[in-house]
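Take a look at the structure below.
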Amino acid sequence: MAESLNGLFALLIFVTVALTAFSIGLVTTLNRLRSALGQRYVIVVVLLNCVVVPLMGFLISNAVPLSPGARSGIVICAICAGGPLALKATQIAKGDLNWSMSLTVMLLILNVVTLPLWSALLIDGSVALRPADLVGVLGAAILIPVGLGMAIRPRVSDVDRWFRLLTLATNALLVLAIAIGLVASSDGLVAGLSSWLAPVVLVVVLLAGWVGWAIRDERDRRRASTLATLNRATSVALLVVGRTFPDQFEIFTSVVVFGLVQTVVAVGLALYWGVATSRSAAPAPAAG
């Protein structure tokens, strides 16, 4: 029974990541990417997401008494950049959505290189992981769907509508996959929430957001950069978990906890910024 659930979990996560990558490719153009590459802080944002946050996750998770599985789950999430939740959060925060889309697609694609590399260097040696195996899986789940989405974009009449539908579909698939995973590891999730795991994840998420905010860009892009750095691609992390160590429920639990914590932080921050912007833009009441 557990083996069947693990297989279904891995399949659903693969489809979720592939559909997410396809939908992001669908709303991305080469001109938008070229424009993003010309921004003065793009290299800084990429280095923060692909170097600083992974190292930060590794150092923080190793500074507290966590199990190897929990520690590995946190590090994998810290490595996986380009969480698509940043798009919705940026929209709520009234940030620069074009900048957010460009960052998300770039960071998502870079995972194909950075995830195997950092996994070989940072993942606990007691957790079996073959980085070379990740390249093919990530290429099939990210590179091909993104390229396909960008290729068929000119033939799609209502891109925004399809993006919304695909987002709903991927959210539903992700919830279903996590529910299946929880059936096999519900005790581990309860233990994770009642241990050091949740506080450590919160510290990693908050510091990731802080380093993104430290970039002194103009307000709307700064918000987008912060939310892009804060939101890790937990669906990609779950793909790695399902493909590489399906029976290690501690790793799955830590990734799920990471996703829950970063969602609460990202949505809360986005709502705060969105409300603050709306209030500042509201006309002042007429005198007397």
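Among the listed residues Ala70, Ala36, identify the single one that is over 17 Å from Val256 (Cα atoms) and either outside any helix (DSSP H, G or I) or hydrophobic (A, V, I, L, M, F, W, C) (or both).
Of the residues listed, the single one that is over 17 Å from Val256 (Cα atoms) and either outside any helix (DSSP H, G or I) or hydrophobic (A, V, I, L, M, F, W, C) (or both) is Ala36.
Grab the helices (runs of 4 or more DSSP H) fully contained in segment 174-288, keeping just those with 1 or more residues being at pLDDT 80 or above and surrounded by fewer than 17 Cβ atoms within 10 Å (Cβ to Cβ).
Result: 197-213, 219-230, 249-281.
Return the total of residues in segment 47-67 being surrounded by 17 or more Cβ atoms within 10 Å (Cβ to Cβ) and assigned to a helix (DSSP H, G or I).
11
Where the second residue is of a type in the set (D, E, K, R) and at pLDDT 85 or above and the first is closer than 24 Å to Val275 by Cβ and surrounded by 24 or more Cβ atoms within 10 Å (Cβ to Cβ) and lies in segment 94-115, which pairs have Cβ atoms under 7 Å and are six or more apart or on separate chains?
Gly95/Asp220; Gly95/Arg223; Trp99/Arg221
Keeping to segment 122-138, report how many residues are at pLDDT 70 or above and surrounded by fewer than 13 Cβ atoms within 10 Å (Cβ to Cβ).
1
Identify all residues within segment 50-66 that are closer than 18 Å to Val261 by Cβ and in contact (Cβ under 8 Å) with a residue 24 or more places away in the chain; write none if there are none.
Val53, Pro54, Met56, Gly57, Phe58, Ile60, Ser61, Val64, Leu66 - these are the residues of segment 50-66 that are closer than 18 Å to Val261 by Cβ and in contact (Cβ under 8 Å) with a residue 24 or more places away in the chain.
Taking segment 75-106 as the region of interest, how many residues are of a type in the set (Phe, Trp, Tyr) and outside any helix (DSSP H, G or I)?
Counting residues in segment 75-106 that are of a type in the set (Phe, Trp, Tyr) and outside any helix (DSSP H, G or I) gives 0.
The values are calculated or read from the model by the stated rules, or taken from the named source; none is laboratory data. From a predicted model like this one, the values you see are computed outputs, not experimental measurements. Positions of Cβ are backbone-derived with ideal geometry, glycine not excepted, and every protein chain shown enters the neighbour counts.
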